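To keep things clear, I will list the structure first and then write my remarks on it.
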Amino acid sequence: MKRTGFSIAFMCWLALAGSAWAQQDVWEIDASHSSAQFSVRHMMVSNVRGEFAKIAGRVFMEGKDISKARVEATLDANSITTRNEARDKHLRSAEFFDVANHPTIEFKSKKAEAVSSGRFRITGDLTLHGVTKEVILDAEGPTPEIKDQRGNTRVGVSATTKINRKDFNILWDNTLDSGGVVLGDEVAITIDLELIKRATSGK
């Protein structure tokens, strides 16, 4: 079969693209050594902290090129804990996270860019309480790669961001006699990930 110059060029492009994709490393989140924590102002005098105990996801990398990084992470909304059973039950209810209808919180990155040595910014979509909004994570890492006792390659990454809970339709609030509010709108989020290199992706 005679091949045109276009078809040959197209096949070469596919070969090059396939080679590039084959170099994409897949790093899985080690849930037992990772955390997704949050902090919110309570009665305008202190910060209440909590976390989601169940976290899963993957980070896709092409070598050490941060601009090619892609993140997919999922939190189990039902795993929320603030070390107070009654409060946690309230947070799972329809007045807050409504876990019966929105059992997961998801983040999918759209862009990553280096800011300075060891610091980068990740822009992506956060889906919380059935609402999707773009957020920006300020991140540090990755740490130098290390080998664990089983020969797995591991790195660490941390990230922070702030969101307004009302942007995600979490509207519950009460006012104080003094005129203040029981719960602040701004939520500070801190994520610490330990990643294990698992495979090379063709995607």
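Miscellaneous remarks
- Projected over every direction and averaged, the convex hull enclosing the alpha-carbon atoms of the range 24-201 yields 11.4 nm².
- Evaluated at q = 0.13, 0.20, 0.24 Å⁻¹, a Debye calculation over the C-alpha positions of the range 97-162 (equal weights, vacuum) places log10 I(q)/I(0) at -0.52, -0.85, -0.97.
- Low-density loop positions, trypsin sites (Lys or Arg not before Pro), the range 87-154 - DSSP coil, at most 12 other Cβ in 10 Å: R150
- Taking the number of Cβ atoms within 10 Å of each Cβ as an exposure proxy, the fewest-first ranking of W172, W27 is W172, W27.
- Residue-count net charge about I170 - beta-carbon cut-off 11 Å; Lys, Arg +1, Asp, Glu -1: -3
- Checked against a 29 Å cut-off, the cross-linked pairs K89/K197; K64/K166; K68/K133 give Cα-Cα distances beyond that limit for K89/K197; K64/K166.
Any read-out appearing in this document is the output of simple, stated calculations on the displayed coordinates, not a laboratory observation. As the structure is a prediction and not an experimental result, all values here were calculated from the model. When we count neighbours, we look across all protein chains shown, and the Cβ atoms used for this are built from the backbone with ideal geometry, even at glycine.
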